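**Q** The structure is given below, and queries will be raised subsequently.
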Amino acid sequence: MNLEPQIQEIARKISADLIETRRHLHMHPELSFQEFQTTEFLASYVEEKGYGTLERITETGGYVDLKGVNPDSSIIALRADIDALPILEQNEVEYRSKNPGVMHACGHDVHTTSLLGAMEILHQLKEFWQGTIRCIFQPGEERIPGGASIMINEGVLKNPDVQSIQGQHVMPLLPAGTVGFRPGLYMASADEIYIRIKGKGGHGAHPHMNIDPVTIAASIIQELQFVVSRHAKPAIPNVLSIGKVIAEGATNVIPDEVYMEGTFRTYNEEWRAEAHKLIAKTAQNICAIHDAKCEVEVRKGYPFLKNDENLTALARSRAEKYLGTDKVVDLEIWPAGEDFAYYSQIIPACFYRLGTANEEKGLNSMLHTPNFNVDEKSLEVGAGLMAYLAICEANENHNSKAG
Ligand code: NI
């Protein structure tokens, strides 16, 4: 049965409602693990619409099991993250954040709304798909240890065992109406580097009488680049950036200490562990040469995100069928971190990108900026495609189990 036109029709009909919902969420953003109002909103929304009950398994996270034909025969999952960022919104729009200093600058309002829209479509078409579709509303994507890891510990992929998961993320580099896929390695593990160099401050005229942590810091910054360029195997992508350096001396004052922060990202767990040791060793040894003391911490963030080859290839061809081949693009490897990675380490997963840009309307600011905004036309695609991918996968999954 050819469901594409029906799904497109429902998505079009509900698009005004989706815009309204997204604006509501956008006006009421909440920080990671504090999504209390958002969760209340979601709980009453799904109840009112008759989708079922939001099963709360963490303080601010939960899921709804939508039942199709033979609901106990199989189960797949869809995921939306619901948290916002500590950013003061600068968009001059009527639906601007009402929570100053907190903003949906990563599009999680769009992800949440798209999943609600997909649920409406799945609900209306429930006699056309098999099994159960678990719709996950996940808190705390933006903050270590990541809401995904907590939800997994609380059993979001269990009872019964969830067979696959799909999720989407807005992408301001892609025009609204398009989507992108990448099978295999996609997003990186993301770890935080903290280094404190304790020297001995004094007059800038007499460095020989001091231990200058600033020149030591400069050496460490340079030398850390050798970790990624001279120790990593060429086939393993990796990135190391130091983004914060604090040395509070003056033109003529050498400070007592320098503090630095940075990030290390890669796509291989073995190398990741080895690199952590090398980062610490590099900083400590350079400090030792100069009799400075060194404190190094490499704090583990999310693992790397691997899209299941098979599921992602299928999803990509389904997207072409739903949207047209010209609306589907291949993505490059993207070394940002994303806690959807935790799901991808456990079950077949597909994390794809929803284009949200509109150059003409000036809607192309990057994620995590105070001017980030989306072309709301993308909601219709976000909801419709997600429902379509879910239905195809639910039926395929059911058939392959039955076969
Ligand atoms: Ni995000």
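**Q** In nm, give the distance between the simple-model label positions of ILE289 and ILE246, each being 7 Å from the Cα along the Cα-to-Cβ direction.
**A** About 2.7 nm separates the two model spin labels.
**Q** Aspartates and glutamates within cross-link reach of LYS67: Cα-Cα under 15 Å, excluding same-chain residues under 8 positions apart?
**A** Leaving aside aspartates and glutamates fewer than 8 places away in the same chain, those within reach of LYS67 are GLU47, GLU55, GLU120, GLU127, GLU393.
**Q** If you fit an axis through the alpha-carbon atoms of helix 4-27 and take the longest principal axis of the Cα set of the chain, what angle between them do you get, 0 to 90°, nearest 10?
**A** 50
**Q** Output needed: percent of Cα pairs per 20 Å distance bin for the chain, bins running from 0 to the one holding the longest distance.
**A** Using 20 Å bins, I get a P(r) of 26, 50, 20, 4, 0 for the chain.
**Q** With a 1.4 Å probe and every protein chain left in place, work out the accessible area per residue of the chain in Å², rounded to a whole number. Each step should come with its number before you reach the end.
**A** Working: 17540 Å² over 403 residues.
It amounts to 44 Å² per residue over the chain.
**Q** With an 8 Å cut-off on Cα pairs and a minimum separation of 6 or more residues, tell me the relative contact order of the stretch 189-302 in percent.
**A** Details: 224 pairs, mean separation 51.4, N = 114.
About 45 percent, as a whole number.
**Q** Here is a further query. Would you mind checking the tilt of helix 108-124 against the longest principal axis of the Cα atoms of the chain, expressed as 0 to 90 degrees and rounded to 10?
**A** 20
**Q** Which is the longest stretch in the chain that no exposed loop site breaks, taking sites as GluC sites (Glu not before Pro) with a DSSP loop state and at most 10 other Cβ atoms within 10 Å? List each step's numbers first, then the result.
**A** Numbers: sites that count: GLU92, GLU94, GLU332.
In the chain, the maximal stretch lacking such sites is 95-331.
**Q** Right, next: List every residue whose amide H lies under 5 Å from the amide H of ALA190, counting only residues 5 or more places away in sequence or on a different chain, with H placed 1.01 Å from N in the peptide plane.
**A** GLY301, TYR302
**Q** If you take every residue apart from GLY382 with its C-beta less than 12 Å away from the C-beta of GLY382, what net charge results, scoring Lys and Arg +1 and Asp and Glu -1? Mind dumping the intermediate values first?
**A** On the way: positive: ARG22, ARG353, LYS377; negative: ASP109, ASP375, GLU376, GLU380.
Computed value for this residue: -1.
**Q** For helix 269-289, what angle does its Cα long axis make with the longest principal axis of the chain, in degrees from 0 to 90 and rounded to 10?
**A** 20
**Q** Assign one of three labels to the stretch 103-178, namely rounded, prolate or oblate, based on the Cα gyration tensor with a ≥ b ≥ c the square roots of its eigenvalues; rounded applies when a/c is under 1.5, prolate when it is not and a/b is larger than b/c, and oblate otherwise. Display every interim value, and only then the final one.
**A** Numbers: a/c = 2.29, a/b = 1.09, b/c = 2.10.
Cα axes put the stretch 103-178 in the oblate bin.
**Q** If you place +1 on the Cβ of every Lys and Arg, -1 on the Cβ of every Asp and Glu, and leave all else neutral, what size is the dipole of the stretch 189-302 about its Cα centre, to the nearest 20 Debye?
**A** On the way: 13 positive and 14 negative charges, 48 e Å.
About 220 debye.
**Q** While we're here: Check the chain for me: any Cys whose beta-carbon has no other cysteine beta-carbon within less than 4.7 Å?
**A** Taking the Cβ cut-off of 4.7 Å, the unpaired cysteines of the chain are CYS106, CYS135, CYS350, CYS392.
**Q** What is the percent carbon and sulfur in the accessible area of the chain, measuring with a 1.4 Å probe over the protein chains and ignoring ligands?
**A** On the way: 8770 of 17540 Å².
The C+S portion of the solvent-accessible surface of the chain is 50 percent.
The values are calculated or read from the model by the stated rules, or taken from the named source; none is laboratory data. Because the structure is a prediction, the values reported are computed rather than measured. Note that we place each Cβ from the backbone using ideal geometry, even for glycine, and neighbour counts take in every protein chain shown. All accessible areas refer to the heavy atoms of the entire protein, side chains included, with ligands and DNA or RNA removed. Shrake-Rupley method; radii C 1.70, N 1.55, O 1.52, S 1.80 Å.
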